[in-house]
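What follows is a set of notes on a single structure, which appears directly below.
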Amino acid sequence: VVTIRGDEAFDAEGNSVAYDKAAAQAYADAQAYKAKRAAEYPPITDYLDGIVKGDQAQVQAYIDACLAVKAKYPKP
């Protein structure tokens, strides 16, 4: 399954295929934390800027922010 439109699923060639809707939803739900984390992580440039400047406080602030996001959206 490459795409789902409404209740119908399609393969890469556009052919209609059968699928287990409950299993697909369970997989999507289990993977949702990744998108939520990505949207809230601070920009990597903050970390790199701290490294270049030798600013350990800035580096630690970046790490702490990332850990907070991981705690907010844990892996299932």
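Numerical summary
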quantity	calculated
Extent along principal axes [Cα atoms of the chain; Å; largest to smallest]	56, 25, 14
Sum of -39500 (n - 2.57) over DSSP H runs of 4+, divided by residues of the chain (222 nm, nearest 500)	-20500 deg cm²/dmol
Around Ala57: net Lys/Arg minus Asp/Glu count, Cβ-Cβ under 15 Å	-3
Cut-off 12 Å between beta-carbons: net charge of the residues surrounding Gln31, Lys and Arg +1, Asp and Glu -1	+3
Within straight-line cross-link reach of Lys53, lysines at Cα separation under 19 Å, skipping those fewer than 8 residues along the same chain	none
Proximal lysines relative to Lys36, as straight alpha-carbon distance under 25 Å, when same-chain residues fewer than 8 apart are discounted	Lys21, Lys70, Lys72, Lys75
Probe 1.4 Å, protein heavy atoms only - accessible area per residue of the range 5-51 in square angstrom	72 Å²
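The values are calculated or read from the model by the stated rules, or taken from the named source; none is laboratory data. It should be emphasised that the depicted structure is a prediction, and the values quoted were computed from it without experimental measurement. Here Cβ is always computed from backbone atoms with ideal geometry, including for glycine, and neighbour counts include all displayed protein chains. Keep in mind that these areas ignore ligands, DNA and RNA; they rest on the heavy atoms of the full protein, side chains included. Shrake-Rupley method; radii C 1.70, N 1.55, O 1.52, S 1.80 Å.
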